[in-house]
Amino acid sequence: MRGVFVDANESLAVIFERLEQPGDPEVRINRNPDITSDQYPQILDGAEIAIVDHTALPTDIAKKCTGLKHVVFLGTGARSYMNPEELAELGVQVHLIKGYGDTAVAECAVALMWEGARGLAKMDRGIRAGNWLRDDGMQLTGKTLGLIGFGGIAAEVARIALGSGMRVIAWNRSPKKYPKVEFVDLDELLGGSDVISIHLLLNDETRGMVSRACIEAMKPGVILVNTARGAIVDEEAMIDALQSGQIRHAGLDVFNIEPLPADHPLTKLPNVTLSAHSAFRTPEASENLMRAAWEHCRRIAKR
């Protein structure tokens, strides 16, 4: 059984090579992170396993990938890049990797939250341009953080926020318990949170879930953080709320269009901090990710 890491950047490729063990299935590394979807058939060349970091795999392209039986997607957000149900109908199983970067993403979410509270990036830009900007910040100690969705990443955010003196409430679709976190209904969370951080997988149920009505129900002056998926939030409604001040600040690591176009409306707003979908990018998370990818390949090869 053969595999191909189809879109490896150099740092991931080096880690993946180092973690290879004697007896592992043959996995070729394509050291080009900028491939296009139509290159899949040529790159895979009949291989049964495709390890995919970020390159979309449309179903009509997958049909041309003779031999393909397994996609190991490097993360949990495969639905943003492919349709797992349609691939399953072709006999291609999609494997996800969970938990590898929980701490990394949580730390980024907290960093975006603190940046939104203090406006550090805005002041930095102003000073570099010769302007001495001094706005009043928001003191987060004693404030309420609301977590929409409560998996491993949200649990890490809660741990950090509780340690900094914040009150943490959360909403989750299924019952959860976590020390010192109060689980509430969504309406209570929206109206009672000074900061809201989104931690949901993107699927048919969550797409557009943070709607215009949800945003209007938020506490005026809320800080909104999204390190999950851009499509979970009604982008147009969020922009309107940023312009009106309903949302004090948005810290965004994810967007509907990635990379974000230079002329996108979000790039014109002063009360937005933009991060290039990089919350998970730490050496520790990358190590966990590549180790998990190898484990998937080994398990598949033993079937």
(message) With the requirement that a residue be open to solvent by 80 Å² or more (accessible area, probe 1.4 Å) and assigned to a helix (DSSP H, G or I), what does the range 1-30 give you?
(response) GLU10, GLU17, ARG18
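So for the range 203-211 (the condition being open to solvent by 70 Å² or more (accessible area, probe 1.4 Å) and closer than 23 Å to GLY101 by Cα), does at least one residue qualify?
Yes.
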(request) Taking the options ASP60, ASP45, ASP102, name whichever one is of a type outside the set (Gly, Ala, Ser), modelled with pLDDT of 95 or more and closer than 17 Å to PHE5 by Cα. (result) ASP45
(message) Cβ contacts < 7 Å: first residue among the basic types (Lys, Arg), restricted to the range 19-48; second residue assigned to a helix (DSSP H, G or I), any location; separation 6+ or different chain. Result?
(response) ARG31/GLU10; ARG31/ALA13
(message) Filter the range 63-84 down to the residues that are open to solvent by less than 50 Å² (accessible area, probe 1.4 Å), part of a helix (DSSP H, G or I) and modelled with pLDDT under 95 and list them by number.
(response) ALA78
(request) Pairs only if they're at least six apart or on different chains, beta carbon under 9 angstrom, first in the range 144-173 and assigned by the TED database to the domain that holds ASP187 and assigned to a strand (DSSP E or B), second of a type in the set (Ser, Thr, Tyr) and open to solvent by 40 Å² or more (accessible area, probe 1.4 Å); list them, first residue then second. (result) VAL168/TYR178; ALA170/TYR178
(message) I want to confirm something. Restricting to the range 85-100 and keeping residues that are in a loop (DSSP other than H, G, I, E, B) and in contact with a Leu (Cβ under 7 Å, 6 or more places away or on another chain), which single residue is surrounded by the most Cβ atoms within 10 Å (Cβ to Cβ)?
(response) TYR100
(message) If the requirement is being farther than 30 Å from ALA8 by Cβ, touching a Ser or Thr at 6+ places or on another chain (Cβ under 8 Å) and at pLDDT 95 or above, which of these qualifies: SER193, SER286?
(response) SER193
(message) Being within 24 Å of the chain's Cα centre (by Cα) and open to solvent by 70 Å² or more (accessible area, probe 1.4 Å) narrows it down to one residue among TRP114, TRP132; which is it?
(response) TRP114
(message) Within the range 257-268, take every residue that is surrounded by 16 or more Cβ atoms within 10 Å (Cβ to Cβ) and in a loop (DSSP other than H, G, I, E, B) and give me the one that is nearest to the chain's Cα centre (by Cα).
(response) LEU260
(request) Check off (1) modelled with pLDDT under 95; (2) over 22 Å from HIS277 (Cα atoms) for PRO259 and give me the number that stays unchecked. (result) (2)
(message) Just to be sure before I move on: is MET82 touching a Leu at 6+ places or on another chain (Cβ under 7 Å) and assigned by the TED database to the domain that holds ILE196 in the structure I sent?
(response) no
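The values are calculated or read from the model by the stated rules, or taken from the named source; none is laboratory data. What you see is a predicted model; the values in this text were computed from it and never measured. Virtual Cβ from ideal backbone geometry, glycine too; neighbours counted across all protein chains shown. What goes into the accessible areas is simple: the full protein's heavy atoms, side chains included, and nothing from ligands, DNA or RNA. Shrake-Rupley method; radii C 1.70, N 1.55, O 1.52, S 1.80 Å.
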